[in-house]
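Here the structure comes first, spelled out in structure tokens, and everything after it is commentary.
The values are calculated or read from the model by the stated rules, or taken from the named source; none is laboratory data. Fair warning: this is a prediction, and the values are worked out from it, not measured in the lab. Quick reminder, even Gly has a Cβ in these numbers, built from the backbone with ideal geometry, and neighbours come from all protein chains shown. What goes into the accessible areas is simple: the full protein's heavy atoms, side chains included, and nothing from ligands, DNA or RNA. Shrake-Rupley method; radii C 1.70, N 1.55, O 1.52, S 1.80 Å.
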Amino acid sequence: MPNKDRHFMQMALELAARAAGRTSPNPMVGAVVVRNGQVVGRGYHAKAGTPHAEVHALREAGELARGATMYVTLEPCCHRGRTGPCTEAIIQAGIKRVVMAMTDPNPLVAGKGMQILQDSGLQVECGLMAEEARRLNEFFIKYITTGMPFVALKTAMSLDGKIATAAGESKWITGPEAREYVHRLRDRYDAVLVGIGTVLADNPSLTTRLPEGAGRDPVRVIVDSRARTPVNSRVLTQSSAAPTIIAVLPEAPPERVHVLRQAGAEIITVPGSGGMVDLRNLMRELARREITSLLVEGGARVNGSLVLGNLVDKVYWFIAPLLIGGSAAPSPVGGEGAASLRDALPVEKITWQRFGKDICLEGYVQRRGD
């Protein structure tokens with residue numbers, strides 16, 4: 001049975017992944033109901049506030065759920081939130097065995113759902129394909145356990161480590177295939193962040209533009225200490241259902257703050273020092289707005305501040321087959337940097353993909369204190 005268990009759990013994981021970028025602040029969850037070796041019900045959580053994966057799968061299975069096994073990627077919830085508890089639905093449906101990939105890190109659940117099922121006489125097993133399940137919900141896990149969003153840093157550089165020429169030209173270091181992948185990332189992340197330097201230099205839209213036209217725009221976050229964002233910049237003028245948040249210091253000129261509000265921006269006042277917004281405080285504020293994941297597409301200054309602040313969880317590092325040169329040309333991460341190699345942050349679990357002539361390295365930052 002173990003091989004069959006893995007097959008059905010893989011099916012549940014694939015179902016869950018269909019909702020990538022759509023369930024925040026909830027996790028992605030998939031469920032499969034199996035009776036006598038045959039799938040009789042499938043479901044996944046499509047959007048916060050809608051029925052959970054287990055409910056969809058049980059509805060499809062109907063009476064065939066009685067005596068069946070359910071495979072679910074996350075421990076069923078046992079509390080009443082926007083929807084009812086899934087444990088109750090599972091018990092009432094007559095499910096005999098539940099195989100879950102991992103326990104729910106949410107303190108409202110965290111083993112309680114599993115205990116309720118066991119106390120009701122169900123056979124419960126946990127841990128099958130747990131690593132795959134954790135990777136699937138890395139945004140949710142970071143958010144629910146720390147009160148901070150999952151932060152990924154995306155950058156594109158030449159072979160010699162430059163993100164622009166000395167004159168500031170950066171469009172385009174990577175080719176169209178790599179840029180399309182970035183738009184697919186934007187479709188998955190709750191928000192995208194840049195600094196005011198990027199807004200002034202590149203005037204980006206920070207929207208999601210996919211060939212099939214079905215992308216979801218992330219919330220746009222601009223780190224702009226002095227409220228210098230032009231009112232005619234694309235982050236404020238393009239047609240998009242997603243809001244633009246501008247983070248400013250308390251001492252930002254009130255008249256500029258007023259103008260930006262009038263232009264439709266949401267202003268967050270964040271304390272800071274040295275004329276810069278404190279990015280850790282900003283992350284907490286974004287989490288309070290239920291932003292669970294953040295894709296950073298900033299320049300060297302913002303990237304350097306995030307790395308120095310021990311705030312980066314993951315990197316998407318695009319490398320183009322170009323040699324730009326120039327000691328004045330910027331590199332991806334600015335600031336003071338590590339004083340010694342011992343202080344450098346290791347990047348682990350590295351994978352890579354090729355996009356046209358470019359490659360992208362993806363890896364997880366082993367942050368100080370982890």
In region 185-226, the residues that are of a type in the set (A, V, I, L, M, F, W, C), in a loop (DSSP other than H, G, I, E, B) and open to solvent by less than 20 Å² (accessible area, probe 1.4 Å): Leu206
Region 82-108, subset assigned to a loop (DSSP other than H, G, I, E, B) and touching an Asp or Glu at 6+ places or on another chain (Cβ under 6 Å), residue farthest from Phe8 (Cα to Cα): Asp104
Close pairs (8 angstrom Cβ cut-off, 6 or more residues apart or separate chains): aliphatic (A, V, I, L, M) in region 250-265, open to solvent by 100 Å² or more (accessible area, probe 1.4 Å) anywhere: Ala252/Arg226
Residue ID - most open to solvent (accessible area, probe 1.4 Å), chosen from residues in region 313-333 that are closer than 13 Å to Val365 by Cβ and β-branched (Val, Ile, Thr): Val333
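Of a type in the set (A, V, I, L, M, F, W, C) and either surrounded by fewer than 24 Cβ atoms within 10 Å (Cβ to Cβ) or at positive phi (or both): does that describe Ala57?
Numbers: of a type in the set (A, V, I, L, M, F, W, C): yes; either surrounded by fewer than 24 Cβ atoms within 10 Å (Cβ to Cβ) or at positive phi (or both): no.
So Ala57 does not fit the description; no.
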Qualifying residue in region 249-259 (condition: assigned to a loop (DSSP other than H, G, I, E, B) and under 29 Å from Thr165 (Cα atoms)): no
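On the given criteria, is Arg284 open to solvent by 20 Å² or more (accessible area, probe 1.4 Å), under 22 Å from Val192 (Cα atoms), among the basic types (Lys, Arg) and touching a residue at least 12 places away in the same chain (Cβ under 8 Å)? Walk me through how you get there before you give the answer.
Working: open to solvent by 20 Å² or more (accessible area, probe 1.4 Å): yes; under 22 Å from Val192 (Cα atoms): yes; among the basic types (Lys, Arg): yes; touching a residue at least 12 places away in the same chain (Cβ under 8 Å): yes.
The answer is yes for Arg284.
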Condition met for Ala167 (open to solvent by 40 Å² or more (accessible area, probe 1.4 Å) and among the hydrophobic types (A, V, I, L, M, F, W, C)): yes
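Could you tell me whether any residue of region 256-274 is of a type in the set (Ser, Thr, Tyr) and open to solvent by less than 30 Å² (accessible area, probe 1.4 Å)?
Let us first name the residues in region 256-274 that are of a type in the set (Ser, Thr, Tyr), namely 269, 273.
Subsequent filtering for residues that are open to solvent by less than 30 Å² (accessible area, probe 1.4 Å) retains none.
No, the conditions are met nowhere in region 256-274.
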Among (1) surrounded by 18 or more Cβ atoms within 10 Å (Cβ to Cβ); (2) under 22 Å from the mean Cα position of the chain (by Cα); (3) under 20 Å from Ala287 (Cα atoms), the one test that Thr146 misses: (1)
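Could you say whether any residue in region 163-182 is among the aliphatic types (A, V, I, L, M), touching a strand residue (DSSP E or B) at 6+ places or on another chain (Cβ under 7 Å) and in a strand (DSSP E or B)?
Just the residues of region 163-182 that are among the aliphatic types (A, V, I, L, M), to begin with: 163-164, 166-167, 173, 178, 182.
Now drop any that are not touching a strand residue (DSSP E or B) at 6+ places or on another chain (Cβ under 7 Å), which leaves 163, 173, 178, 182.
With the extra rule that they be in a strand (DSSP E or B), the set shrinks to none.
No; the residues of region 163-182 include none that is among the aliphatic types (A, V, I, L, M), touching a strand residue (DSSP E or B) at 6+ places or on another chain (Cβ under 7 Å) and in a strand (DSSP E or B).
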